[in-house]
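Before any comments, here is the structure.
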Amino acid sequence: MLRTTIFNASRSLFAKPSAAIAVRSYHPKVIDHYERPRNVGSFNKADPFVGTGLVGAPACGDVMKLQIKVDEASGKIVDVKFKTFGCGSAIASSSYMTERVRGMTLEDAGSIKNTEIAKELCLPPVKLHCSMLAEDAIKSAINDYKRKRAAATASA
Amino acid sequence: MASLITTARAKAAQIPFSTAMTSTGSRPSRVILSTAANNTSTRNLSSLTPPRRLNAIMSSASILPSSSRYTPAAAFLSATRTSSHFHSSAISSSTSNNDTTAKRPETRSCWKCSTPVPYLALQCTNPECKVVQTLAPGVNYFETLGLSPEPSYDVDLKDLRLRFFKIQQLIHPDSYSQNANGDQVYAQQQSSLTNKAYSTLKEPLSRANYILELLGAPIHETESLNEPELLMEVMEARELLEEAQTEDEVQELKNVNDTRIKDTVEGLSKAFKSQDLEQAKTLAIELQYWIRIQNVIRDWVAGHPIVADHV
């Protein structure tokens, strides 16, 4: 019973009924990430081993922060956090991205394409830009980390 | 091309409601001092205008296509106008928007009685016919509300609202529910277009986006924003809002955000006036973020977490 209520509640949240046309709702995978977002939070931006990516979608006003913690010796991403203010798709895209890049090398993480995210979350064409935002976010975080490391090595 | 006279239904004879129009066919380089006094009529919304007055106006319009001369009719109209002011649009008139309007014919034929009616007329000017006209192609929202076709960011909201009501009064579908003349569907279309035009132009954000679109510089969905300062401010504002516990805290954040909105709207006005489209676009993007925060503040309820704030 409770389950049904929650289900119905979440349906009403995500379904945007439009006049006489069919109701469009999010794919269950998106709803799952939205309701149980993985790795929400923040790292200290000043940490020398943390890279921060902050990106926005000008058309809809979404903002997404994605942070990676990198193990310098192995060059792998050991921890990831994100914070997104935006629609369900944007939250789901960034949440999925944090799961996807954990344990990856920077190079592998940087080569993830938005189409992969969109496919995994079954995003409709109008929501493709949300997955692009997640791709931009991880790239931006990696660049930030690399910049920091380069600066640190230069001053060392 | 002619300009527009609208009349309130009941007061048609006494107080014509003039929507000052510039003639779309006029020289594009002309700076439009768009007050009723300088313009004769364009779109005849009024089957209700007494035919004699209408004839006078129509003929003066056709004699003076660039409508820069003082006419008694125009003087009368301007005298009845309230304080609404029209800004001479600083937007370059050599935009694609104008190019299309320049090629527009002055009249169309009424779909029912074939009388030539002004291109933007809502109703047939033949007093025997008066049916609601089909949607005129290639008309922007400013024209739909009887304003100059050249987009201007500075709109008089009171005036805009009045225009909206006057038009809806003429073509509201409820008045055509019997469909006696077969024009009910056109009334619906005209009414719906007027709603769209009004709701787009009355909000500072949608108005900015619409003008950018008209001027060929729209904000694309696929664009990504890499402005760390703005994004940091947005992120911080959103986090403060997320952490807020009391109404007072939210009120404080609202005050800060209201100032942001005010400043950005002022900046947009300046940018559009000086034809700085790049700056206008940047500010429109900023405004999008502040408006989103405004919406979240509006929907804020103590103790309820903020979920996805739009679909």
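The values are calculated or read from the model by the stated rules, or taken from the named source; none is laboratory data. Here the structure is a predicted model, which means the values were calculated and not measured. Note that each Cβ is placed from the backbone with ideal geometry, even for glycine, and that neighbours are counted across all protein chains shown. All accessible areas refer to the heavy atoms of the entire protein, side chains included, with ligands and DNA or RNA removed. Shrake-Rupley method; radii C 1.70, N 1.55, O 1.52, S 1.80 Å.
Numbers below:
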| quantity | calculated |
| --- | --- |
| Single residue of B:Ala197, B:Ala217 found to be assigned to a loop (DSSP other than H, G, I, E, B) and in contact with a Leu (Cβ under 7 Å, 6 or more places away or on another chain) | B:Ala217 |
| In segment A:31-59, the residues that are out of contact with any Ser or Thr (no Cβ under 6 Å at 6 or more places or on another chain) and surrounded by 20 or more Cβ atoms within 10 Å (Cβ to Cβ) | A:Tyr34, A:Val50, A:Gly51, A:Thr52, A:Leu54, A:Gly56, A:Ala57, A:Pro58 |
| First in segment A:33-50 and among the aromatic types (Phe, Trp, Tyr), second anywhere and surrounded by 16 or more Cβ atoms within 10 Å (Cβ to Cβ) and part of a strand (DSSP E or B), Cβ under 8 Å, 6 or more apart | A:Phe43/A:Val50; A:Phe43/A:Thr52; A:Phe43/A:Gln67; A:Phe43/A:Lys69; A:Phe43/A:Asp79; A:Phe43/A:Lys81; A:Phe49/A:Lys69; A:Phe49/A:Val70 |
| Enumeration of residues in segment B:170-229 that are β-branched (Val, Ile, Thr) and either within 16 Å of B:Leu160 (Cα to Cα) or at pLDDT 90 or above (or both) | B:Ile171, B:Val185, B:Thr194, B:Thr200, B:Ile211 |
| Residues within segment A:97-111 that are open to solvent by less than 10 Å² (accessible area, probe 1.4 Å) and within 12 Å of the chain's Cα centre (by Cα), tallied | 3 |
| Looking only at segment B:224-238, and only at residues there that are within 8 Å of another protein chain (Cβ to nearest Cβ) and open to solvent by 80 Å² or more (accessible area, probe 1.4 Å), the one that is farthest from B:Gly303 (Cα to Cα) | B:Asn226 |
| Answer from A:Ala73, A:Ala19 - the residue that is open to solvent by 60 Å² or more (accessible area, probe 1.4 Å), out of contact with any Lys or Arg (no Cβ under 7 Å at 6 or more places or on another chain) and modelled with pLDDT under 85 | A:Ala19 |
| Residue in segment B:239-260 that is farthest from the chain's Cα centre (by Cα), counting only those that are open to solvent by 70 Å² or more (accessible area, probe 1.4 Å), without any contact (Cβ under 8 Å) to a residue 24 or more places away in the chain and within 14 Å of chain A (Cβ to nearest Cβ) | B:Glu243 |
| Matching entry among B:Trp300, B:Trp290 (being within 13 Å of another protein chain (Cβ to nearest Cβ) and either open to solvent by 50 Å² or more (accessible area, probe 1.4 Å) or within 21 Å of B:Glu203 (Cβ to Cβ) (or both)) | B:Trp290 |
| Any hit, segment A:78-96, residues being among the aliphatic types (A, V, I, L, M) and open to solvent by 50 Å² or more (accessible area, probe 1.4 Å) | yes |
| Filter pass, B:Leu268 being in a helix (DSSP H, G or I), open to solvent by less than 80 Å² (accessible area, probe 1.4 Å) and within 25 Å of B:Thr144 (Cα to Cα) | yes |
| Any hit, segment B:154-172, residues being assigned to a loop (DSSP other than H, G, I, E, B), of a type in the set (A, V, I, L, M, F, W, C) and open to solvent by less than 70 Å² (accessible area, probe 1.4 Å) | yes |
| Long-range neighbours under 7 Å by Cβ, at least six apart or interchain, first residue within 11 Å of A:Lys65 (Cα to Cα) within segment B:225-236, second of a type in the set (Lys, Arg) | B:Met235/A:Lys65 |
| Condition check for B:Lys103: at pLDDT 95 or above and over 20 Å from B:Ile211 (Cβ atoms) | no |
| Matching helices (runs of 4 or more DSSP H) fully within segment A:53-133 where at least 3 residues are within 10 Å of chain B (Cβ to nearest Cβ) and in contact (Cβ under 8 Å) with a residue 12 or more places away in the chain | A:88-101 |
| Unmet criterion (only one of (1) out of contact with any strand residue (DSSP E or B) (no Cβ under 7 Å at 6 or more places or on another chain); (2) under 30 Å from A:Lys65 (Cα atoms); (3) surrounded by fewer than 19 Cβ atoms within 10 Å (Cβ to Cβ)) for B:Arg207 | (3) |
| Filtered residue count, segment B:137-151, keeping only those that are among the aliphatic types (A, V, I, L, M) and either assigned to a helix (DSSP H, G or I) or open to solvent by 20 Å² or more (accessible area, probe 1.4 Å) (or both) | 1 |
| Whichever residue in segment B:213-223 is closer than 27 Å to A:Ala137 by Cα and not hydroxyl-bearing (Ser, Thr, Tyr) and, among such residues, is surrounded by the most Cβ atoms within 10 Å (Cβ to Cβ) | B:Ile219 |
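One line per residue, one yes/no per condition, for (1) within 12 Å of the chain's Cα centre (by Cα); (2) over 24 Å from B:Pro137 (Cα atoms):
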site: B:Asp156; (1), (2): yes, yes
site: B:Arg163; (1), (2): yes, no
site: B:Pro173; (1), (2): no, no
site: B:Leu193; (1), (2): yes, no
site: B:Glu213; (1), (2): no, no
site: B:Leu225; (1), (2): no, yes
